[in-house]
Amino acid sequence: MTLDFLGNLTRTHTCGELRASDAGKSVVLLGWVNRRRDHGNLIFLDLRDRYGISQVVLDKDLGTEAHGKAEQARSEYVVAAIGKVRLRDANVINPKMDTGEIEVVADQLLLLNDAKLAPFSPAEEAIANEEVRLKYRYIDLRRPEMQHNLHVRHKVAMAVRQYLSSQGFYEIETPFMTRSTPEGARDYLVPSRVHPGEFYALPQSPQLFKQILMISGMDRYFQIARCFRDEDLRADRQPEFTQIDLEMTFPQQETVFRVVEGFLSEAFKAVGIHLPTPFPQITYDEAMRNYGIDKPDLRLPGLVDLKPAFTAENLAALQIDANLPVIGLRIPRVGELSRKDRDDNKPLFDQRKGAKYIDDLKRLEKGFPEAAAKVRELAGGEADDLIIIVAGDAAAHIRASDTKSEGRLSEREIAIYSAAGNFRVELAKKYADRHGAFAVTDNVVASEERNTGLADGSVAFRPIWVTDFPMFEYDEETHKWMPSHHPFTSPHEEDMDRLVSDPASVRARYYDIAMNGLELGSGSIRIHQQQVQAEIFRALGMSDEEAKSRFGFFLDALQYGTPPHGGIALGLDRIVMILAGASSLREVIAFPKTAKAIDLMVDAPTPVSDMQLRELHIKPTKQ
RNA sequence: GGGGACGUAGCUCAGUUGGUUAGAGCGCUGCCCUGUCACGGCAGAGGUCGCGGGUUCGAGCCCCGUCGUCCCCGCCA
């Protein structure tokens, strides 16, 4: 087959834009052959590009060579169709297509390029398995879903840039090749050729750079920044990911919140969804009590305190630890659980830390009718809602190095709350088609494509600020207090005097933003006084020398007139994932990696030549 | 590092208790077809049952190992 040259041809329209009002126009369409329907003397070609699909008709009776070219055309050939837009007869209008009222009658068809038969077709309904999709990513990305996802991503990024710029933020780039600062995640390392045995590290986040930009008087900084962490992957975790990173001088917590609410609502507006502001906020302790998790999904009812439903005798008879919370969780409209359901649900509950549950209210009613009635009353909801009671197992022997601190949740309490909170999420996922709370989100995501004004996102998208996280967590293994966030997070000023005497009670000026049960981002007001920073390091059991060797450059900078400052970073990939209705980050990243951090398309990582290794002064210990 | 699911035609999958020549749909190739739009009709090609070993008269199916993809735990300041 001889291919045609493009010559000086340019497209007059995209494959998605022609409408009935364009009838009669002479047009040039350029695109891929999505499908060919060959009726012999009449051939239909669906031409596809990023903007849509248009039907091109090739009629042998026209006596041109275009029909002959169309006979040779195959899926994914790149062609030019030159002809006239024609209104379709009423009986052949395709209401499923945006361009369904017209077709292009081609009097010339150019085969600009042929295409090997692809392992799967972008036009196919059934999508191929991910291994094939990732290897042939350029085919996969031609699918309308993927084009849509990356379009959403672009719109979100642009809306964020525009909003932050309008609020006085400068977009400033920070280095990729930087210094390894131990702790946190494992670093990706880049060997230095010039300095044998030394390495740069790829940034886990631009944290210290953005703080230094505040010290530098840049006032407001943002960056859509790539971050790298060498940890095992999940559906919502990639080894390289993108953060909307920002930092500002002289903020109150609320200042940061308003900025984030501003750009998030702009980003949602950009994809056709109204997201009401301000977002609700709760403290970490409230989040644990009400949802059993620090990233609450507000689309479902929260936990309720069921202790008042039981007498001390009840609890003893039920082998429930009276000193621990008794919690109710409710999933709407699940109905009666079968014996099999109950068995299947068992592994979804984490009983490792001495929690247990009762999922059979009927049985409770027989033994403890008054308590059961009270449970129903406290849990609320409808008769067909699933109610489950979670409590501490009185028979459990928990190695309790409990860190109870006045006014805060103890570790054992947290264990019960999180067992309930995680069970709530797992059951909600399992019975999603019964309660329907997640379908609302899917429906808004789907309707957004129709682009009919702003869709109401107030039910489908439920952001929430979680504040006042504990400053420290006790590490059972090292018997040391560890920072819950990074060690530059400021404690609450009024908690400062308890740094040593009662570290568990110290609250951090650290906040998370969650949406629909997914952590979107976290940030904090930072420490800006060197003495406070030194106290924190001491509270963490870190010597001055140790602190200096790890963060010396930063501690130096802190002493040269550091303004109060703070900021936040949000996962762009996760925001887009929610907006695309996707269940994996890989659906919203053009070239993602597999669960083993492999790029199947370029086949990375790979061994490198001995020559390269020698230059870098590196000797692998095994091949 | 640990647990689980999956791996059969290019793609999506079925494959009974271990038993003859491993099937279907889509796709592909050829021919036919002027109103299809997941076009239709006829004919055809296409298989290292992921890989290696074992049990057996006989393995897609059972056992052991291994590789890959996905999900989860650990991990992710």
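Only one of (1) among the acidic types (Asp, Glu); (2) within 19 Å of residue A:578 (Cα to Cα); (3) touching a helix residue (DSSP H, G or I) at 6+ places or on another chain (Cβ under 7 Å) fails for residue A:240. Which number is that?
Tallying (1) among the acidic types (Asp, Glu); (2) within 19 Å of residue A:578 (Cα to Cα); (3) touching a helix residue (DSSP H, G or I) at 6+ places or on another chain (Cβ under 7 Å), residue A:240 fails exactly one: (3).
What are the residues in the range A:311-343 that are on the phi > 0 side of the Ramachandran plot and of a type in the set (Lys, Arg), if any? Walk me through it before giving the result.
From the range A:311-343, those on the phi > 0 side of the Ramachandran plot are A:319, A:333, A:335; that's our starting set.
If the condition is that a residue be on the phi > 0 side of the Ramachandran plot and of a type in the set (Lys, Arg), then A:333 is the only one that fits.
For residue A:425, are the conditions met, namely being farther than 30 Å from residue A:557 by Cα, aliphatic (A, V, I, L, M), more than 16 Å from RNA strand B (Cβ to nearest atom) and part of a helix (DSSP H, G or I)? Can you show your working first?
Working: farther than 30 Å from residue A:557 by Cα: yes; aliphatic (A, V, I, L, M): yes; more than 16 Å from RNA strand B (Cβ to nearest atom): no; part of a helix (DSSP H, G or I): yes.
Taking the combined requirement at face value, the residue does not satisfy it.
Can you tell me which residue within the range A:49-64, out of those that are at pLDDT below 95 and out of contact with any strand residue (DSSP E or B) (no Cβ under 8 Å at 6 or more places or on another chain), is nearest to RNA strand B (Cβ to nearest atom)?
Of everything passing the filter in the range A:49-64, A:61 is nearest to RNA strand B (Cβ to nearest atom).
So, in the range A:556-590, of the ones that are over 16 Å from the mean Cα position of the chain (by Cα), on the phi < 0 side of the Ramachandran plot and outside any strand (DSSP E or B), which residue ends up surrounded by the fewest Cβ atoms within 10 Å (Cβ to Cβ)?
Once the filter is applied, the top-ranked residue is A:560.
Filter the range A:199-213 down to the residues that are in a loop (DSSP other than H, G, I, E, B), surrounded by fewer than 21 Cβ atoms within 10 Å (Cβ to Cβ) and not hydroxyl-bearing (Ser, Thr, Tyr) and list them by number. I'd like the intermediate steps shown before the answer.
Step one: filter the range A:199-213 for residues in a loop (DSSP other than H, G, I, E, B), giving A:202-206.
From the residues that got through so far, the ones that are surrounded by fewer than 21 Cβ atoms within 10 Å (Cβ to Cβ) too are A:202, A:205.
Within the range A:199-213, A:202 is the sole residue that qualifies.
Kindly list, by first and then second residue, each pair from a residue in the range A:297-314 that is closer than 30 Å to residue A:279 by Cα and touching a residue at least 12 places away in the same chain (Cβ under 8 Å) to a residue that is assigned to a helix (DSSP H, G or I) and among the hydrophobic types (A, V, I, L, M, F, W, C), limited to pairs with Cβ atoms under 6 Å and residues at least 6 apart or on different chains.
A:299/A:437; A:300/A:428; A:300/A:437; A:303/A:420; A:304/A:378; A:304/A:379; A:306/A:375; A:306/A:378
Restricting attention to the range A:76-86, does a residue exist that is within 19 Å of residue A:20 (Cα to Cα) and within 11 Å of RNA strand B (Cβ to nearest atom)? Break it down stepwise before answering.
Let us first name the residues in the range A:76-86 that are within 19 Å of residue A:20 (Cα to Cα), namely A:81-86.
Now restrict to residues that are within 11 Å of RNA strand B (Cβ to nearest atom): A:86.
Yes - at least one qualifying residue is present in the range A:76-86.
Could you check how many residues of the range A:87-97 are outside any helix (DSSP H, G or I), of a type outside the set (A, V, I, L, M) and more than 6 Å from RNA strand B (Cβ to nearest atom)? If you could, list the steps in order and put the result at the bottom.
Kept after step one, since they are outside any helix (DSSP H, G or I), are these residues of the range A:87-97: A:87-89, A:93-97.
Keeping just the survivors that are of a type outside the set (A, V, I, L, M) gives A:88-89, A:94-96.
Subset that is more than 6 Å from RNA strand B (Cβ to nearest atom): A:89, A:95.
Of the residues in the range A:87-97, 2 are outside any helix (DSSP H, G or I), of a type outside the set (A, V, I, L, M) and more than 6 Å from RNA strand B (Cβ to nearest atom).
Every residue in the range A:412-466 that is modelled with pLDDT under 90 and aliphatic (A, V, I, L, M), please.
A:414, A:415, A:432, A:439, A:440, A:444, A:445, A:446, A:454, A:455
For the subset of the range A:182-204 comprising residues that are at positive phi and touching a strand residue (DSSP E or B) at 6+ places or on another chain (Cβ under 9 Å), which member is farthest from RNA strand B (Cβ to nearest atom)? Talk me through it step by step, then tell me what you get.
Here is the first cut: in the range A:182-204, the residues at positive phi are A:183-184, A:197.
Imposing the further condition that a residue be touching a strand residue (DSSP E or B) at 6+ places or on another chain (Cβ under 9 Å) reduces the set to A:183, A:197.
Values: A:183: 5, A:197: 25 Å.
Ranking the qualifying residues of the range A:182-204, first place goes to A:197.
Which residue is nearest to residue A:14 (Cα to Cα), if the candidates are limited to the range A:101-160 and must be among the basic types (Lys, Arg) and within 11 Å of RNA strand B (Cβ to nearest atom)?
From the range A:101-160, those among the basic types (Lys, Arg) are A:116, A:133, A:135, A:137, A:142-143, A:153, A:155; that's our starting set.
Next, only the ones that are within 11 Å of RNA strand B (Cβ to nearest atom) stay: A:116, A:133, A:135.
On the way: A:116: 24, A:133: 26, A:135: 28 Å.
Here the residue is A:116.
Got a number for residues in the range A:1-19 being surrounded by 10 or more Cβ atoms within 10 Å (Cβ to Cβ) and of a type in the set (Val, Ile, Thr)?
So the answer is 2.
So is residue A:168 assigned to a loop (DSSP other than H, G, I, E, B), at positive phi and within 12 Å of RNA strand B (Cβ to nearest atom) or not?
Answer is no for this residue.
If only one of A:508, A:504 is within 14 Å of RNA strand B (Cβ to nearest atom) and within 15 Å of residue A:539 (Cα to Cα), which one is it? Spell out how you get there, then give the answer.
Numbers: A:504 fails: within 14 Å of RNA strand B (Cβ to nearest atom).
Just one listed residue meets the conditions, A:508.
Working only within the range A:591-616, note down all residues that are touching a residue at least 24 places away in the same chain (Cβ under 8 Å), more than 30 Å from residue A:572 (Cβ to Cβ) and in a loop (DSSP other than H, G, I, E, B).
A:616
Taking the condition of being of a type outside the set (S, T, N, Q), touching a residue at least 40 places away in the same chain (Cβ under 8 Å) and not in a helix (DSSP H, G or I), how many residues in the range A:508-541 meet it? Steps first, please.
Keep residues of the range A:508-541 that are of a type outside the set (S, T, N, Q), which gives A:508-515, A:517-521, A:523, A:525-528, A:532, A:534-541.
Checking the rest, the ones that are also touching a residue at least 40 places away in the same chain (Cβ under 8 Å) come to A:508-515, A:517-521, A:523, A:525-526, A:532, A:536-537, A:539-541.
Restricting the remaining residues to those that are not in a helix (DSSP H, G or I) gives A:508-515, A:517-521, A:523, A:525-526, A:540-541.
Summing the residues that are of a type outside the set (S, T, N, Q), touching a residue at least 40 places away in the same chain (Cβ under 8 Å) and not in a helix (DSSP H, G or I) in the range A:508-541 gives 18.
Can you run down the residue pairs with Cβ atoms below 9 Å, 6 or more apart or on separate chains, where the first is in the range A:26-40 and of a type in the set (Phe, Trp, Tyr) and the partner is within 9 Å of RNA strand B (Cβ to nearest atom)?
Qualifying pairs under 9 Å: A:32/A:75.
Does residue A:407 fit the bill of being surrounded by fewer than 17 Cβ atoms within 10 Å (Cβ to Cβ), modelled with pLDDT under 90 and in contact with a helix residue (DSSP H, G or I) (Cβ under 9 Å, 6 or more places away or on another chain)? Reasoning before the result, please.
Values: surrounded by fewer than 17 Cβ atoms within 10 Å (Cβ to Cβ): yes; modelled with pLDDT under 90: yes; in contact with a helix residue (DSSP H, G or I) (Cβ under 9 Å, 6 or more places away or on another chain): yes.
In short, yes.
Taking the stated definitions as given, is residue A:328 of a type outside the set (A, V, I, L, M, F, W, C), touching a helix residue (DSSP H, G or I) at 6+ places or on another chain (Cβ under 8 Å), crowded, with 18+ Cβ neighbours inside 10 Å and closer than 28 Å to residue A:469 by Cβ? Can you show your working first?
Details: of a type outside the set (A, V, I, L, M, F, W, C): yes; touching a helix residue (DSSP H, G or I) at 6+ places or on another chain (Cβ under 8 Å): yes; crowded, with 18+ Cβ neighbours inside 10 Å: yes; closer than 28 Å to residue A:469 by Cβ: yes.
The answer is yes for residue A:328.
The values are calculated or read from the model by the stated rules, or taken from the named source; none is laboratory data. Because the structure is a prediction, the values reported are computed rather than measured. Note: ideal-geometry Cβ built from the backbone for every residue, glycine included; neighbour counts use all protein chains shown.
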